[in-house]
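K.L.:
Have a look at the structure that comes next, please.
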Amino acid sequence: MNLLSICIPTYEMGGKGKEMLKRNLDIFKIQTFKDFEVVISDNSENDEIKDLCENDIYKTLNIKYFRSHRKGMAQNTNESIKHATGDIIKILYMDDYFTNKNSIKKIKDNFRGNWMVTGCEHDDGERRFNSHYPSYNSKIYLGKNTIGSPSVLSFKNEDPLFFDENMTWLLDCDYYKRLYDKYGEPTILNDINVVIGTSKYQMTNILPYKTKIKELLYMIIKYKKELFFKT
């Protein structure tokens, strides 16, 4: 068993998928900590990502590739979690990436308890900006996301939670809420460990306004007892 599983849900991403994943694989190759596997659950309709994973350039990486026929961000992420064998699961979206060669080592060295979140920056293709340091808040299930993208998240691979497959936009807020309910507050590593890619392919930009409102109402109904009856 590997100490850590990096779970990456992938898809074509408007033709950018292969490029985004290659950036990640290149960064994985230079990591100072080596005891990890890369679990790729692929929603693609073509073989570009599969062929990249099988390229001899990356044969030193422990890559586990799976073609996922269950479409959707939550479904695809859950499939990667199901195939993870490491003690710790690290979520990493394909358009996000580690900041430096010690990023995985810092996760390993600082992981405590059952779940941990780290700091991040953002990348619009021209610059890195907007450093963010996470915190948990009691209203996170209403969309007040003070933690950030799931790419800042690591959690123990012990009866792991799965993402709510009814959700896309607020799936991270819901997931953090359920992690808190199960384990309490996360360990926080105030280190800029991950860079979050910003582009027109982000769900925030793709999803229609009506879909976002529908998800918010779904969350309110899901947690209505807490929302209306908590003292």
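K.L.:
I need the full set of residues from segment 27-49 which are out of contact with any Phe, Trp or Tyr (no Cβ under 9 Å at 6 or more places or on another chain) and under 19 Å from Asn193 (Cα atoms), in order please.
P.N.:
Restricting attention to segment 27-49, the residues satisfying the condition of being out of contact with any Phe, Trp or Tyr (no Cβ under 9 Å at 6 or more places or on another chain) are 30, 32-35, 37, 46-48.
If the condition is that a residue be out of contact with any Phe, Trp or Tyr (no Cβ under 9 Å at 6 or more places or on another chain) and under 19 Å from Asn193 (Cα atoms), then Ile30, Thr32, Phe33, Lys34, Asp35, Glu37 are the ones that fit.
K.L.:
Continuing with the same structure: Can you pull out every residue in segment 137-149 that is surrounded by fewer than 18 Cβ atoms within 10 Å (Cβ to Cβ) and more than 23 Å from Cys7 (Cα to Cα)?
P.N.:
Listed by number, the residues that qualify are Asn137, Ser138, Lys139, Leu142, Gly143, Lys144.
K.L.:
If you don't mind, another one. If the Cβ limit is 7 Å and pairs must be 6+ apart or interchain, which residue in segment 130-150 that is under 16 Å from Asp191 (Cα atoms) pairs with which residue that is small (Gly, Ala, Ser) and surrounded by fewer than 18 Cβ atoms within 10 Å (Cβ to Cβ)?
P.N.:
Thr146/Ser135
K.L.:
Now for a different question. If you check Phe28 against the conditions, is it of a type in the set (Phe, Trp, Tyr) and either within 27 Å of Asn190 (Cα to Cα) or in a loop (DSSP other than H, G, I, E, B) (or both)?
P.N.:
yes
K.L.:
OK, next. Can you tell me which of (1) among the aromatic types (Phe, Trp, Tyr); (2) modelled with pLDDT of 95 or more; (3) touching a helix residue (DSSP H, G or I) at 6+ places or on another chain (Cβ under 7 Å) is the one Phe129 doesn't meet?
P.N.:
Phe129 satisfies every listed condition except (3).
K.L.:
Of the conditions (1) closer than 25 Å to Tyr175 by Cβ; (2) within 17 Å of the chain's Cα centre (by Cα), Ser44 clears all except one; give me its number.
P.N.:
(2)
K.L.:
Within segment 83-123, track down each residue that is surrounded by fewer than 21 Cβ atoms within 10 Å (Cβ to Cβ), outside any loop (DSSP other than H, G, I, E, B) and in contact with an Asp or Glu (Cβ under 7 Å, 6 or more places away or on another chain).
P.N.:
Lys106, Gly119
K.L.:
Please count how many residues of segment 2-25 are on the phi < 0 side of the Ramachandran plot and not in a helix (DSSP H, G or I).
P.N.:
Of the residues in segment 2-25, the ones on the phi < 0 side of the Ramachandran plot are 2-12, 16-25.
Pick out the ones that are also not in a helix (DSSP H, G or I) and you get 2-12, 16.
Count: 12.
K.L.:
Can you say whether Leu61 is in a helix (DSSP H, G or I), closer than 22 Å to Asp26 by Cα and not hydroxyl-bearing (Ser, Thr, Tyr), as far as the supplied structure shows?
P.N.:
Here the answer is no, as Leu61 does not meet what is asked.
Results for (1) within 24 Å of Tyr175 (Cβ to Cβ); (2) touching a residue at least 40 places away in the same chain (Cβ under 8 Å), shown as yes or no for each residue.
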| position | (1), (2) |
| --- | --- |
| Ile6 | yes, yes |
| Gly17 | yes, yes |
| Phe33 | no, yes |
| Lys64 | yes, no |
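K.L.:
Out of Phe155, Phe163, which single residue is within 13 Å of the chain's Cα centre (by Cα), crowded, with 21+ Cβ neighbours inside 10 Å, at pLDDT 95 or above and assigned to a loop (DSSP other than H, G, I, E, B)?
P.N.:
Values: Phe155 fails: assigned to a loop (DSSP other than H, G, I, E, B).
One residue alone meets the criteria, Phe163.
K.L.:
Here's something else I'd like to know. Can you tell me which residue is nearest to Leu4 (Cα to Cα) among those in segment 67-82 that are modelled with pLDDT of 95 or more and surrounded by fewer than 17 Cβ atoms within 10 Å (Cβ to Cβ)? Walk me through how you get there before you give the answer.
P.N.:
Going residue by residue through segment 67-82, those that are modelled with pLDDT of 95 or more are 67, 74-82.
Right, trim to surrounded by fewer than 17 Cβ atoms within 10 Å (Cβ to Cβ) and you get 67, 82.
Values: Arg67: 21, Lys82: 14 Å.
Here the residue is Lys82.
The values are calculated or read from the model by the stated rules, or taken from the named source; none is laboratory data. Everything numeric in this text was worked out from a predicted model, so none of it was measured. A quick note on method: Cβ atoms are made from the backbone with ideal geometry, for glycine too, and the neighbour counts reach across all protein chains shown.
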